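First up is the structure itself, then whatever we jot down about it.
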Amino acid sequence: MKVLYLEDNPFDADLTQIELKKHARGIELIHVPTIREALELLQQPNAPLFDIILTDMNLTDGSGLTLLAMVRNLGLPTAVVVVTGQGDEETAVAALKAGADDYIIKQKDYIKNLPQALDNAVAQFRKVKNRFSRPIKVLYAEHNAVDIELTLRHIKTHAPHIQMDVVKDTRNLRSTLEKATVENRYDVLLIDFHLPGEDILSVVKSIITDPHFEYPIVLITGQGNEEIAVNVLKLGVVDYLVKASGYLYRLPAILENAHNLLSLYHEKEALAVSEERFRLLAENARDVIFRMDFRPTIHFDYISPSVKTISGFDSEEIYAAPELIFDAIREKIYSFHQFIQLLNQSASPELVFPFVTKDGRRISMELRGQLTRDTKGQPAKLEGIVRDITDRIEIETKLQNRMHRLNALHTIDTAINSSFDLRFTYQVLLEQVLALTKGASASIVLLDQNLGSHTLISSLGFETPENDLKEWLPENPLLDRAFIERRIVFSREIELDEKLPFARLLQLEQLTHYCAVPLIVKGYVRGVMEIFFVDSEELDLEISNFLETIAQQAAIALESAQNFERLQKTNQELLQAYDDTLAGWVNFLDLRDEETEGHTMRVVDFTLKVCKSLGFSSKEMMQINRGVLLHDIGKVGIPDSILNKPGPLTDAEWVIMKKHPVYAYQMLYPIAYLRPALDIPYCHHEKWDGSGYPRGLKGNEIPLSARIFAIVDVYDALTSNRPYRKAWPKEDVVKYIRENSGTHFDPDIVEKCLTVLTSAGED
């Protein structure tokens with residue numbers, strides 16, 4: 001067995017090669033670390049033919065799934081096994097459904113089991129399964145009443161051709177299948193992994209190995225994991241579906257695929273038993289059943305009569321001129337050679353392509369078949385079914401468009417909730433609108449109700465400079481229709497007076513179609529969202545509803561931004577009123593304490609300069625400013641006889657005077673607005689060595705703002721004249737503060753404070 005091994009981890013690569021030599025014979029292994037080197041090796045003219053490719057999931061230059069897709073696209077007759085150290089359910093399902101023959105997790109002793117896994121993968125790759133189509137009848141095994149109701153309702157609405165019977169446990173599941181006959185058998189089994197009763201894997205295995213019927217099984221679960229996914233897919237389950245968001249929309253296609261696989265197999269069996277029976281069945285089928293032979297030239301051995309219903313060509317026309325089919329699919333498959341290349345990619349090719357019918361209609365077709373090769377490995381025969389999937393494609397397209405619109409609405413909601421910046425929000429909104437409407441450019445123009453003027457607030461997609469847009473876009477006569485009529489206005493082939501600036505804009509931008517959507521807030525039109533197209537068809541109902549929803553969100557964003565601005569203005573006015581009140585308190589204190597007149601405003605200035613030099617934030621400095629203003633507010637509780645005493649205070653008087661920080665705390669703490677500013681009024685008389693008052697705090701226990709203010713307060717007090725003494729010389733004050741560094745003052749900030757204070761004093 002020749003093995004191409006991709007692994008970028010040298011340790012894992014060496015360990016795997018050593019262990020394979022120990023536990024397996026006859027394995028010829030070539031190791032490469034990257035996808036690029038692997039592809040170079042595989043595409044060489046005389047490249048060795050590998051039986052299997054063993055690839056790690058995560059490589060330095062890509063994913064193992066990328067290599068898997070490339071190998072399948074090249075049509076290499078090689079099995080592929082994906083190995084991963086940290087797998088998950090989604091990756092496991094993706095790997096196996098993408099064509100991997102096995103999916104292995106690097107668990108304990110996995111290398112010892114690797115030779116057997118490689119043999120099984122090669123055998124699986126060489127195994128061929130053929131199935132044909134027949135009508136769909138589903139047995140749904142589910143115990144959750146809500147899931148049953150939602151599923152049946154969804155199938156009835158979106159896939160009425162699928163009939164469902166329900167059982168709620170494994171006992172009833174077995175009983176129902178045992179009563180089945182050839183005439184009333186089910187086409188697909190949809191089974192919940194957590195169905196009450198026996199172990200579900202045992203039940204599934206017994207159903208798959210039933211000698212009477214071959215049921216395709218789709219397993220569904222609310223909480224899947226990687227191990228379950230790998231086990232059930234290896235067991236033979238056709239598909240594995242997790243009840244994630246949107247799974248009901250995927251369910252009909254999954255059931256159809258499972259049914260088609262079984263149908264293809266049964267039709268091939270019928271052909272082998274009796275050609276006549278095959279013809280009777282094929283001639284009554286809605287899908288086209290065919291058998292194509294490539295030797296000596298391409299021709300149809302059989303094509304069912306339903307081909308006329310779908311394509312407009314009858315069977316005899318196609319027998320006589322098979323090139324009619326290739327002419328009809330030339331848009332996607334432009335030559336017979338390319339058709340052969342597409343078939344070579346898989347033994348069971350599946351193709352989707354546009355088809356032009358005999359009367360010129362464009363439809364979508366799906367081909368599922370089984371390829372038979374000659375002794376040289378070249379395609380010899382193709383047997384399969386073709387169906388018209390135009391309706392399904394249209395439904396899927398509509399669902400995708402709805403999902404895109406929901407995602408767009410979510411993106412816009414996120415922008416509105418994350419920012420009050422209207423320009424940012426509207427840019428996100430316009431990006432989503434242009435993406436979904438395929439417009440060339442868009443703008444939002446607001447209306448000032450008081451002035452009656454229009455203002456451009458946001459634009460996207462224009463090549464014209466923004467200054468010109470601000471002048472030209474609001475001067476648009478079509479805006480007034482949306483304002484007055486309060487509805488979406490759509491105009492094709494816009495015709496305006498060429499002298500108008502707006503007409504010039506349309507000409508410069510080569511815009512021909514226009515849509516205006518009013519932004520209505522509380523019954524008033526506050527603006528218009530404009531969308532410009534180079535070419536456009538009439539807006540359908542879904543797009544119109546989407547634009548109306550977008551307009552509502554734009555209006556909500558406008559209202560929220562304006563409310564926020566009003567709230568900010570109100571808060572600023574309220575804060576100013578608070579600060580004016582504080583200033584009034586300070587003036588009152590200065591009137592009471594003539595000795596310290598002007599002291600408060602000076603220390604405010606000094607303290608803020610020091611704090612700014614030390615890197616305090618603006619928010620912190622706002623609270624410090626209030627704290628300094630109120631640092632002596634507690635003195636309102638001190639009698640005038642003590643506060644204005646011209647001489648020294650007695651010990652008893654000092655006891656009363658030292659209570660003013662406590663009075664400040666008692667006054668300010670109940671006021672939540674002033675609580676963050678309490679540090680200075682409450683603590684500015686504390687000392688570094690713990691000898692201060694009112695609480696005897698020591699060192700870093702004292703808030704930093706209070707330590708700074710203590711220095712500023714003493715500096716201003718000593719450099720100012722008082723009734724009982726003259727102001728000290730600044731040199732003496734600086735000397736005094738330095739001498740008390742480490743006792744009264746914080747030694748770490750004394751010099752920084754003095755530098756600012758002496759400089760501010762000179763100014």
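Can you tell me which of (1) within 29 Å of the chain's Cα centre (by Cα); (2) at pLDDT 80 or above; (3) among the hydrophobic types (A, V, I, L, M, F, W, C); (4) part of a loop (DSSP other than H, G, I, E, B) is the one Leu519 doesn't meet?
Going through the list (1) within 29 Å of the chain's Cα centre (by Cα); (2) at pLDDT 80 or above; (3) among the hydrophobic types (A, V, I, L, M, F, W, C); (4) part of a loop (DSSP other than H, G, I, E, B), Leu519 breaks only (4).
Condition check: assigned by TED's automatic domain parsing to the domain that holds Arg368 and buried (at least 17 other Cβ atoms within 10 Å of the Cβ). Does Ser311 satisfy that?
yes
Here is a list of conditions, (1) surrounded by 19 or more Cβ atoms within 10 Å (Cβ to Cβ); (2) part of a helix (DSSP H, G or I); (3) touching an Asp or Glu at 6+ places or on another chain (Cβ under 9 Å), and Leu478 meets all of them except one; can you say which number that is?
Result: Leu478 fails condition (1) only.
Which residues, taken from region 683-703, are among the hydroxyl-bearing types (Ser, Thr, Tyr) and under 20 Å from Ile749 (Cα atoms)? Steps first, please.
We begin by selecting, within region 683-703, every residue among the hydroxyl-bearing types (Ser, Thr, Tyr); these are 691, 693.
Within region 683-703, just Ser691 meets the criteria.
Of all residues in region 45-60 being more than 38 Å from the chain's Cα centre (by Cα) and at pLDDT 85 or above, which is farthest from Asp102 (Cα to Cα)?
Leu49
Based on what the data block shows, is Lys659 at pLDDT below 90 and more than 25 Å from Val610 (Cβ to Cβ)?
Judged against the criteria, Lys659 is not a match.
Can you run down the residue pairs with Cβ atoms below 8 Å, 6 or more apart or on separate chains, where the first is in region 427-445 and free of Cβ contacts under 8 Å to residues at least 60 places away in the same chain and the partner is assigned to a helix (DSSP H, G or I)?
Val428/Thr411; Val428/Ile412; Val428/Ala415; Ala435/His404; Ala435/Ala408
Which fully enclosed strands (runs of 3 or more DSSP E) of region 330-449 have 2 or more residues being crowded, with 20+ Cβ neighbours inside 10 Å, assigned by TED's automatic domain parsing to the domain that holds Ser315 and at pLDDT 85 or above?
Strands (runs of 3 or more DSSP E) meeting the threshold: 362-373, 379-388.
Just to verify a result, which residue in region 631-656, among those that are part of a helix (DSSP H, G or I) and among the charged types (D, E, K, R), is modelled with the lowest pLDDT? Steps first, please.
Taking region 631-656 and keeping what is part of a helix (DSSP H, G or I), we get 633-637, 640-643, 651-656.
From what's left, among the charged types (D, E, K, R): 635, 640, 651, 653.
Numbers: Lys635: 85, Asp640: 82, Asp651: 89, Glu653: 89.
It comes out as Asp640.
Quick check on region 618-630. Is at least one of its residues more than 22 Å from His744 (Cα to Cα) and modelled with pLDDT under 85?
No: zero hits.
For residues that are touching a residue at least 40 places away in the same chain (Cβ under 8 Å) and closer than 22 Å to Leu629 by Cβ, scanning just region 677-691, find the one that is surrounded by the fewest Cβ atoms within 10 Å (Cβ to Cβ).
Looking only at region 677-691, we keep the residues that are touching a residue at least 40 places away in the same chain (Cβ under 8 Å), and these are 677-681, 684, 687-689, 691.
From the residues that got through so far, the ones that are closer than 22 Å to Leu629 by Cβ too are 677-681, 684.
Details: Ala677: 23, Leu678: 22, Asp679: 18, Ile680: 29, Pro681: 28, His684: 27.
Top of the filtered list is Asp679.
Using beta carbons and a limit of 8 Å, which pairs, at least six apart or on different chains, have the first residue in region 361-373 and under 12 Å from Gly384 (Cβ atoms) and free of Cβ contacts under 8 Å to residues at least 24 places away in the same chain and the second one in a strand (DSSP E or B) and of a type in the set (Phe, Trp, Tyr)?
Final answer for the pair search is Leu367/Phe353.
In region 81-109, what residues are surrounded by fewer than 18 Cβ atoms within 10 Å (Cβ to Cβ) and at pLDDT 80 or above?
Ile105, Lys106 - these are the residues of region 81-109 that are surrounded by fewer than 18 Cβ atoms within 10 Å (Cβ to Cβ) and at pLDDT 80 or above.
I'm trying to understand the selection: among the residues of region 158-183, which are modelled with pLDDT under 85 and of a type in the set (A, V, I, L, M, F, W, C)?
Of everything in region 158-183, those that are modelled with pLDDT under 85 and of a type in the set (A, V, I, L, M, F, W, C) turn out to be Ala159, Ile162, Ala180, Val182.
Hey, does region 241-248 have a residue that's in contact with a Gly (Cβ under 7 Å, 6 or more places away or on another chain) and either surrounded by fewer than 22 Cβ atoms within 10 Å (Cβ to Cβ) or of a type in the set (Lys, Arg) (or both)?
Looking for residues that are in contact with a Gly (Cβ under 7 Å, 6 or more places away or on another chain) and either surrounded by fewer than 22 Cβ atoms within 10 Å (Cβ to Cβ) or of a type in the set (Lys, Arg) (or both), one finds at least one in region 241-248, hence yes.
Among the helices (runs of 4 or more DSSP H) lying completely within region 170-246, list those that include at least 1 residues that are under 14 Å from Val138 (Cα atoms) and not acidic (Asp, Glu). Give the steps one after another, and end with the answer.
Values: elements: 170-178, 200-208, 226-235.
In region 170-246, 170-178 are the helices (runs of 4 or more DSSP H) which contain 1 or more residues that are under 14 Å from Val138 (Cα atoms) and not acidic (Asp, Glu).
Regarding Lys358, is this residue touching a residue at least 40 places away in the same chain (Cβ under 8 Å) and under 30 Å from Ile310 (Cα atoms)?
So Lys358 passes the test.
Find all pairs meeting these conditions: Cβ atoms under 7 angstrom apart; at least six residues apart or on different chains; first residue within region 704-727 and in the same structural domain as Ile749 (by TED's automatic domain parsing) and closer than 23 Å to Cys683 by Cβ; second residue in a strand (DSSP E or B) and of a type outside the set (S, T, N, Q).
As it stands, the answer is Ala710/Phe745; Ile711/Phe745, since those pairs meet every condition given.
Output the residues belonging to region 199-257 that are more than 25 Å from the chain's Cα centre (by Cα) and of a type in the set (Phe, Trp, Tyr).
Within region 199-257, Phe213, Tyr215 meet the criteria.
Whether any residue in region 61-80 is surrounded by 13 or more Cβ atoms within 10 Å (Cβ to Cβ), part of a strand (DSSP E or B), β-branched (Val, Ile, Thr) and at pLDDT 75 or above is what I want to check.
Yes, some residue in region 61-80 is surrounded by 13 or more Cβ atoms within 10 Å (Cβ to Cβ), part of a strand (DSSP E or B), β-branched (Val, Ile, Thr) and at pLDDT 75 or above.
The values are calculated or read from the model by the stated rules, or taken from the named source; none is laboratory data. Values in this document were obtained by computation on a predicted structure and should not be read as measured data. Methodologically, a virtual Cβ is constructed for each residue, glycine included, from the backbone with ideal geometry; neighbour enumeration extends over all protein chains shown.
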